[in-house]
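Novice: Here's a structure for you.
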Amino acid sequence: MALQVSPHMPVRSPGRRRTIPLRVLPIPHECPLPVRLRALSRSRWFHALDERQLRALDARMTRCSWGAGETLFRAGEGADALYIIAEGRVRLSQRAADGTERATDILGPSMPLGAVGVGRRTVQRETAEALVDTCALRIEQAVFHQILLEHPTVAVRVVEAVTDRLSQLQNETGGWMTWPVAARLAAVLLRLSVRLGRDRGHRGILLDVPLCRADLAGLTGSTPESVSRVLSRWKEEAIIDSGRRWVALLDVEHLRRTAAEG
């Protein structure tokens, strides 16, 4: 029988004394209505809708769930639907020139997932994998197009979000790569703290997502070795705290200054 873990139960790292202070969502997870409505109301796309409109939107979606490590979809597959993450964490990745999968983004609750369809056939540009047990709301592309016609404010939010994502990708393939590794890593950690940070007071802002060095290397366009060296130095200087697959930010101002140097 699979171990069922409480959403607030810390996970103990095998063979280590320290505890991985991350929250875990048990699967199967029914994704109840309050969780779904909260995710929709906090979504950049749908937050302007009132509760009645959100309930009507929820009724046009279906619920999906995946266990940690399962693939939601792969790059190149048909994008016949979009998703709004209700609970969990999802890693996006693309295949690099050397054949390895490199992380391109980490998404959490209320964030949209999948390629927005604009033509007869839309394909996924990235592979999506559940980092922890995850549930999401699925909406067919045709239904989504109808919602855009019914709610012009949603259409505007979608265009803004897509534009911002394209700008981020352009930055990360342009001048971003000339930044020092430390500046890129600081910028990534700060961005993740806004999305997935949990304030623990004097123990810092925990990035509530399991992150390996390879993930951070992909997000920064660097190597795991370079990322490890910077993290080790920051840990010695009490700028961050870290353990196996977790990072907490202790000196946010220092990270902001480091990112600004880029």
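The values are calculated or read from the model by the stated rules, or taken from the named source; none is laboratory data. The structure displayed is predicted, hence computed values, not measured ones. Virtual Cβ from ideal backbone geometry, glycine too; neighbours counted across all protein chains shown. These area figures cover heavy atoms from the full protein model, side chains too; ligands, DNA and RNA do not enter into them. Shrake-Rupley method; radii C 1.70, N 1.55, O 1.52, S 1.80 Å.
Novice: When the helix-only estimate is applied to the chain (DSSP H runs of n ≥ 4, each -39,500 (n - 2.57), divided by the residue count), what is the mean residue ellipticity at 222 nm, nearest 500 deg cm²/dmol?
Specialist: Taken over the chain, the calculation gives -11500 deg cm²/dmol.
Novice: Sticking with this structure for a sec: Roughly how many whole Å is it from the C-alpha centroid of segment 194-251 to that of segment 31-80?
Specialist: 28 Å
Novice: Measure off 7 Å from each Cα along the Cα-to-Cβ vector at GLU70 and HIS145, then give the distance between these two points in nanometres to one decimal.
Specialist: That separation, rounded to one decimal, is 2.9 nm.
Novice: Another question about this same structure. Set the Förster radius R0 to 25 Å, insert the Cβ-Cβ distance between ARG60 and LEU166 as r into 1/(1 + (r/R0)^6), and round the FRET efficiency to 0.05.
Specialist: Efficiency, from the Cβ-Cβ distance: 0.40.
Novice: If you don't mind, there's one more thing I want to ask. In nm, give the distance between the simple-model label positions of THR178 and SER232, each being 7 Å from the Cα along the Cα-to-Cβ direction.
Specialist: With each label placed 7 Å out from Cα toward Cβ, I get 3.0 nm.
Novice: Over all alpha-carbon pairs of segment 166-262, lay out the pair-distance distribution in 5 Å bins, whole %, shortest bin first.
Specialist: Bins of 5 Å from zero give 3, 14, 25, 29, 19, 8, 2, 0 percent of pairs.
Novice: Moving on. Could you tell me what percent of the accessible area of the chain is made up of carbon and sulfur, with a 1.4 Å probe and every protein chain present?
Specialist: C and S atoms contribute 53 percent here.
Novice: While we're looking at this one, here's another question. How far apart, in nm, are the 7 Å Cα→Cβ label points at ARG42 and GLU30?
Specialist: 2.1 nm
Novice: Using a 4.7 Å cut-off between beta carbons, which cysteines in the chain end up with no partner cysteine at all?
Specialist: By the Cβ distance rule, which asks for a partner under 4.7 Å, the isolated cysteines are CYS64, CYS212.
Novice: While we're on this one: Ranked from highest to lowest mean number of other Cβ atoms within 10 Å per residue, what is the order of the peptides 251-261, 102-112?
Specialist: Top of the packing list down: 102-112, 251-261.
Novice: Measuring with a 1.4 Å probe in the full set of protein chains, what accessible area per residue, in whole Å², belongs to segment 88-196?
Specialist: 48 Å²
Novice: How would segment 47-119 be classified by its alpha-carbon gyration tensor: rounded, prolate or oblate, with rounded meaning a/c under 1.5 and the a/b versus b/c comparison settling the rest?
Specialist: Verdict is prolate for segment 47-119.
Novice: Sort the chain into rounded, prolate or oblate with this rule: let a ≥ b ≥ c be the square roots of the eigenvalues of the Cα gyration tensor; rounded if a/c is under 1.5, and if a/c is not under 1.5, prolate when a/b is larger than b/c, oblate otherwise.
Specialist: prolate
Novice: Using Cα pairs under 8 angstrom and six or more residues apart, how large is the relative contact order of the chain, in percent?
Specialist: Computed value for the chain: 19 percent relative contact order.
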